[in-house]
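Asks: One structure, pasted below without further comment.
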Amino acid sequence: QVQLVESGGGLVQPGGSLRLSCAASGSIFGINAMNWYRQAPGKQRELVAVITSGGSTNYGDSVKGRFTISRDNSKNTVYLQMNSLKPEDTAVYFCNAVRTSLGRNSYWGQGTQVTVSS
């Protein structure tokens, strides 16, 4: 199993920045991609950012140009740098790991709350 622990959430003013971290542990070998999702109350879960094992990245349209996903393989940690935050970015942010060997396996962290408000 893979354990994922998010951190770095909190309260920030509009226009501010936060950096989320996702630390992975357990059977982490062979992870194909790491993702950030977010979900606001009463809304659908939204894919925010993706980073593959090869280092390529993709972003949801709503965060392009503002968010950056990166990783530090030595620390088994993925980051989400969030700049120019807007109130509509308020959500619980979840880290997700995918491994496709022997079928698709998906793992989730517990989530970290991000609130963008004055």
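Asks: Taking Thr77 as meeting all but one of (1) open to solvent by 40 Å² or more (accessible area, probe 1.4 Å); (2) touching a Cys at 6+ places or on another chain (Cβ under 7 Å), write down the number of the exception.
Replies: (1)
Asks: Take the conditions within 20 Å of Thr115 (Cα to Cα), charged (D, E, K, R) and in contact (Cβ under 8 Å) with a residue 60 or more places away in the chain and apply them to Arg38. Does it pass?
Replies: yes
Asks: Next up: Output the residues belonging to segment 64-89 that are assigned to a loop (DSSP other than H, G, I, E, B) and either in contact with a His (Cβ under 9 Å, 6 or more places away or on another chain) or within 14 Å of Arg19 (Cα to Cα) (or both).
Replies: Within segment 64-89, Arg66, Asn83, Ser84, Leu85 qualify.
Asks: Could you check segment 57-83 and list, in sequence order, the residues that are out of contact with any strand residue (DSSP E or B) (no Cβ under 8 Å at 6 or more places or on another chain) and hydroxyl-bearing (Ser, Thr, Tyr)?
Replies: Within segment 57-83, just Ser74 meets the criteria.
Asks: Please specify each residue of segment 84-118 satisfying the condition of being within 22 Å of Pro41 (Cα to Cα), open to solvent by 10 Å² or more (accessible area, probe 1.4 Å) and among the hydrophobic types (A, V, I, L, M, F, W, C).
Replies: Val92, Phe94, Trp108
Asks: What number of residues within segment 26-51 satisfy the criterion of being among the polar types (S, T, N, Q) and modelled with pLDDT of 95 or more?
Replies: Counting residues in segment 26-51 that are among the polar types (S, T, N, Q) and modelled with pLDDT of 95 or more gives 3.
Asks: Only one residue in Gly65, Gly55 is over 12 Å from the mean Cα position of the chain (by Cα), at pLDDT below 95 and of a type outside the set (S, T, N, Q), so which one is that?
Replies: Being over 12 Å from the mean Cα position of the chain (by Cα), at pLDDT below 95 and of a type outside the set (S, T, N, Q) holds for just one of Gly65, Gly55, which is Gly55.
Asks: Of (1) under 23 Å from Lys43 (Cα atoms); (2) within 12 Å of the chain's Cα centre (by Cα), Tyr79 satisfies all except one. Which?
Replies: Of everything listed in (1) under 23 Å from Lys43 (Cα atoms); (2) within 12 Å of the chain's Cα centre (by Cα), Tyr79 misses just condition (1).
The values are calculated or read from the model by the stated rules, or taken from the named source; none is laboratory data. Predicted model only: the values in this text are computed from it and were never measured. Every residue, glycine as well, gets a Cβ built from its backbone with ideal geometry; the counts of neighbours run over all protein chains shown. Areas reflect the complete protein model, heavy atoms only, side chains present, ligands, DNA and RNA absent. Shrake-Rupley method; radii C 1.70, N 1.55, O 1.52, S 1.80 Å.
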